[in-house]
1. Compute the signed sum of charges (Lys and Arg +1, Asp and Glu -1) over the other residues within less than 13 Å, Cβ to Cβ, of PHE15.
2. Within the set of other residues whose C-beta is less than 14 Å from the C-beta of ALA26, count the net charge using Lys and Arg as +1 and Asp and Glu as -1.
3. Roughly what would the spin-label model give for PHE60 and ASN125, points 7 Å off Cα along C-beta, in nm?
4. What list do you get for THR22, THR145 if you sort them by fewest beta carbons within 10 Å?
5. If Rh is defined by the Kirkwood formula over all Cα pairs and Rg also comes from Cα, what ratio Rg/Rh do you get for the chain?
6. On a 0 to 90° scale, report how tilted helix 151-172 is relative to the longest principal axis of the chain, with both axes built from alpha carbons and the result rounded to the nearest 10.
7. Please compute the net charge surrounding LYS50, taking Lys and Arg as +1 and Asp and Glu as -1 over other residues with Cβ under 14 Å from its Cβ.
8. Run the simple label-point estimate for PHE53 and ASN195 please: 7 Å along Cα→C-beta, distance reported in nm.
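What follows draws every value from the coordinates through simple rules; no lab data is involved. Keep in mind that what you see is a predicted model, and the values were worked out from it rather than measured. Neighbour counts are summed over all protein chains in view; Cβ atoms, including those assigned to glycine, are modelled from backbone coordinates with ideal geometry.
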Amino acid sequence: MQVIINIIKLNAQGFLAGAITTMEVALLGTIFGSVIGLLIGVVKTIPVKKTDFIVKRVLFNIINTLLTIYIEVFRGTPMIIQAVVIFYGVAEWFGIHMDFLFAGIFIVSINTGAYMSEIVRGGINSIDKGQFEAAHAIGMSHGQTMFNIILPQTIKNILPATSNEFVINIKDTAVLNVIGLSELFFKTKGIYGKNYLYYQTALISCAIYFVLTFATTRILRLIEKKLKGSDSYTVLGSKAKRLEDMNTGGIK
């Protein structure tokens, strides 16, 4: 136990810096990835009819094909491989040497975007089709329907899944050590590379990851509960409300 305490005392700053970088990459990557997922989810649900102009149909077929390829590739390959290919591939092919932090956020964002696009698409499809029909019946365009009626409900419905993606990203940032990002696992490797106390140092890192994910999960659940609102409410004009008013003499 004393060994672990000594490791913490000597390397507290390194552990803290790694934890901050981990949370920064996970948070920004989840936010940007969610935006990407929302945009793709909206695009993939745009209706294309046989009566539309052929240019529109061809254009949307090409876009949907490209988006499908992006989603399948990034969902079907490990993030660690994506990190290596993107970071070193961009440097070799385009001569662009990305900053480690920017590269980490970029990689997590596009990886998360692929998963979030399917989550958003499922959230949109879960909305009652009658709401689309009612909006179109009063003259609203597809864009107006999505942004004013469908997406607010979708975002609320997919919040648990988005929260889960954030927690996953906190842990998955560990793979970014392959490109040299100084996140928590990278710092951990540096510390046990100096003191040769592999088990004890890794145990400290494990505890930090647990604290980060556990605290994040609890905070996000409180936010979900707040957005959900109270379960004890009465819909105005409902049958239950009218019966209650009759029993209490509210209706004459």
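1. Values: positive: LYS9, LYS187, LYS189; negative: GLU183.
Every neighbour counted, the sum reads +2.
2. Values: positive: LYS171; negative: GLU24, GLU165, ASP172, GLU183.
Value of the local net charge: -3.
3. Computed distance between label sites PHE60 and ASN125 equals 1.6 nm.
4. Details: THR22 28, THR145 18.
Fewest to most other Cβ atoms nearby, the residues stand as THR145, THR22.
5. Working: Rg = 24.3 Å, Rh = 21.7 Å.
Dividing the radius of gyration by the Kirkwood radius yields 1.12.
6. 10
7. Working: positive: LYS49, LYS56, ARG57; negative: ASP52.
Net charge around LYS50: +2.
8. Computed distance between label sites PHE53 and ASN195 equals 6.7 nm.
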